[in-house]
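To keep things clear, I will list the structure first and then write my remarks on it.
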Amino acid sequence: MKSSIARFLGVVVVGLALECWAGANAKDQLAAGECNGAFLTTSDGKARGSGYCLRKDKDGDTYSLEWAMAAGADKGSWKVTGGTGKFAKSSGSGWWQNAADSGRMFATKWGGNCNW
């Protein structure tokens, strides 16, 4: 069975599906960052992937999340894995789905729940 590995480094565009990532009073309203990970595509054409994202806000506080997508799925999952400062006790999980893909960068819709 032949397989190929695709790596990507992409800036993720956060959608307004999550209350905690939307609105003027959201704790991470001005947080920005990148996601890194890898996808493996097997000879049957199905891909699976996983990786991490790190966000930093205007005050220098950070939070990270882990993401994954099962082989052949059109949506993946995410969960908060840690944070500093105002995000130190953060938790949450949900789904994500690519909305646009240039081959080098992805625009992604996110949904779920988070607790800052």
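For segment 72-95, enumerate the residues that are of a type in the set (Gly, Ala, Ser) and either surrounded by 16 or more Cβ atoms within 10 Å (Cβ to Cβ) or farther than 18 Å from THR108 by Cα (or both). Even if it seems obvious, please write down each step before you answer.
Going residue by residue through segment 72-95, those that are of a type in the set (Gly, Ala, Ser) are 72-73, 76-77, 82-83, 85, 88, 90-94.
Hits for segment 72-95 are GLY76, SER77, GLY82, GLY83, GLY85, ALA88, SER90, SER91, GLY92, GLY94.
Scan (1) touching a residue at least 24 places away in the same chain (Cβ under 8 Å); (2) farther than 18 Å from ALA31 by Cα; (3) of a type in the set (A, V, I, L, M) for the single condition ALA70 breaks and write down its number.
(1)
Would you mention how many residues in segment 79-113 are part of a loop (DSSP other than H, G, I, E, B), closer than 20 Å to ASP59 by Cβ and charged (D, E, K, R)? Quick ask: steps written out before the conclusion?
So the first thing to find is which residues in segment 79-113 are part of a loop (DSSP other than H, G, I, E, B), and the list is 84, 88-90, 102-105.
Applying the additional criterion that residues be closer than 20 Å to ASP59 by Cβ yields 84, 88-90.
Now drop any that are not charged (D, E, K, R), which leaves 89.
Qualifying residue count for the region: 1.
Does ALA38 qualify as being within 19 Å of CYS114 (Cβ to Cβ) and at pLDDT below 90? First the steps, then the outcome.
On the way: within 19 Å of CYS114 (Cβ to Cβ): no; at pLDDT below 90: yes.
For ALA38, the condition - within 19 Å of CYS114 (Cβ to Cβ) and at pLDDT below 90 - is not met.
Would you pick out the residues in segment 64-103 that are among the basic types (Lys, Arg) and under 17 Å from GLY33 (Cβ atoms)? Lay out the reasoning, then the answer.
Taking segment 64-103 and keeping what is among the basic types (Lys, Arg), we get 75, 79, 86, 89.
If the condition is that a residue be among the basic types (Lys, Arg) and under 17 Å from GLY33 (Cβ atoms), then LYS79, LYS86 are the ones that fit.
Please work out if VAL80 is β-branched (Val, Ile, Thr) and modelled with pLDDT under 90. First the steps, then the outcome.
Details: β-branched (Val, Ile, Thr): yes; modelled with pLDDT under 90: no.
It is false that VAL80 is β-branched (Val, Ile, Thr) and modelled with pLDDT under 90.
Checking the conditions here, which among SER50, SER4 is in contact with a strand residue (DSSP E or B) (Cβ under 9 Å, 6 or more places away or on another chain) and modelled with pLDDT under 85?
Numbers: SER50 fails: modelled with pLDDT under 85.
Being in contact with a strand residue (DSSP E or B) (Cβ under 9 Å, 6 or more places away or on another chain) and modelled with pLDDT under 85 holds for just one of SER50, SER4, which is SER4.
Yes/no matrix, rows are residues, columns are (1) at pLDDT below 90; (2) under 14 Å from the mean Cα position of the chain (by Cα); (3) over 20 Å from TRP116 (Cα atoms):
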| position | (1), (2), (3) |
| --- | --- |
| GLY15 | yes, yes, no |
| GLN29 | yes, no, no |
| THR42 | yes, no, yes |
| GLY45 | yes, no, yes |
| LEU65 | no, yes, no |
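The values are calculated or read from the model by the stated rules, or taken from the named source; none is laboratory data. Since this is a predicted model, take the numbers as computed values, not measurements. For neighbour counting, all protein chains shown are included, and Cβ atoms are generated from backbone atoms with ideal geometry for every residue, glycine included.
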